[in-house]
Amino acid sequence: MTITSTALYRKKPVVIEAIPFTGDNADAVRRFLNDAPHWTDGKTHLTIRTLEGDMRAEVGDFIIRGVMGEFYPCKSDIFEATYEAEPHDRPNEAPATPPGGWAS
């Protein structure tokens, strides 16, 4: 079968868990990453071993746990264009809101 034209595709709705890297929350990010290999200078960047190799997260980026349990960084503008807050269903935790709130 030869494909000669493009088609449109919609991304499947998937719920992910993420945390913004603020530079002041290195301990929280370390807890989120659990045993995933990572390195940080503690304030300005974080390097995460991903399925595609080592990726650097800068302050303001989100750290995402993907559907297969993998971790990777995502620039905040891409994150905000791609994801929206999921209704909160964890009774002992407050809903996550990124610094500055969500872009509208």
### Query
Fewest first, what order do Asp24, Asp35 take by the number of other Cβ atoms within 10 Å?
Asp35, Asp24
#### Entry: Extension reserve of the Ala26-Thr2 stretch, reckoned as 0.36 nm per residue once the Cα distance is removed
3.7 nm
### Task
Provide Met1, Met55 in ascending order of the number of other Cβ atoms located within 10 Å of each residue's Cβ, fewest first.
Met1, Met55
### Query
Shape call for the stretch 17-82 from the C-alpha gyration tensor, a ≥ b ≥ c root eigenvalues: rounded (a/c under 1.5), prolate (a/b greater than b/c) or oblate?
rounded
### Task
Determine the gain in length on full extension of the stretch Glu58-Ile16; use 0.36 nm per residue of separation and subtract their C-alpha separation, reporting nm with one decimal.
13.1 nm
### Query
With Cβ to Cβ distances under 15 Å as the rule, what net charge do the other residues near Asp24 carry (K, R +1; D, E -1)?
-1
### Query
Quick one: net charge of Ile64's neighbours, Cβ under 12 Å, K/R +1, D/E -1?
-1
### Query
How much length is gained if the chain between Glu86 and Thr50 is pulled fully straight, taking 0.36 nm per residue apart and subtracting their Cα-Cα distance, in nm to one decimal?
10.5 nm
### Query
Which aspartates and glutamates have a Cα lying under 12 Å from the Cα of Lys12, excluding residues fewer than 8 positions away in the same chain?
none
### Query
If we count other beta carbons within 10 Å of each Cβ, what is the order of Tyr9, Tyr83, fewest first?
Tyr9, Tyr83
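Quick note: the coordinates plus some simple rules give every number you see, no bench work behind them. Please read all numbers here as calculations on a predicted model, not as lab measurements. Every residue, glycine as well, gets a Cβ built from its backbone with ideal geometry; the counts of neighbours run over all protein chains shown.
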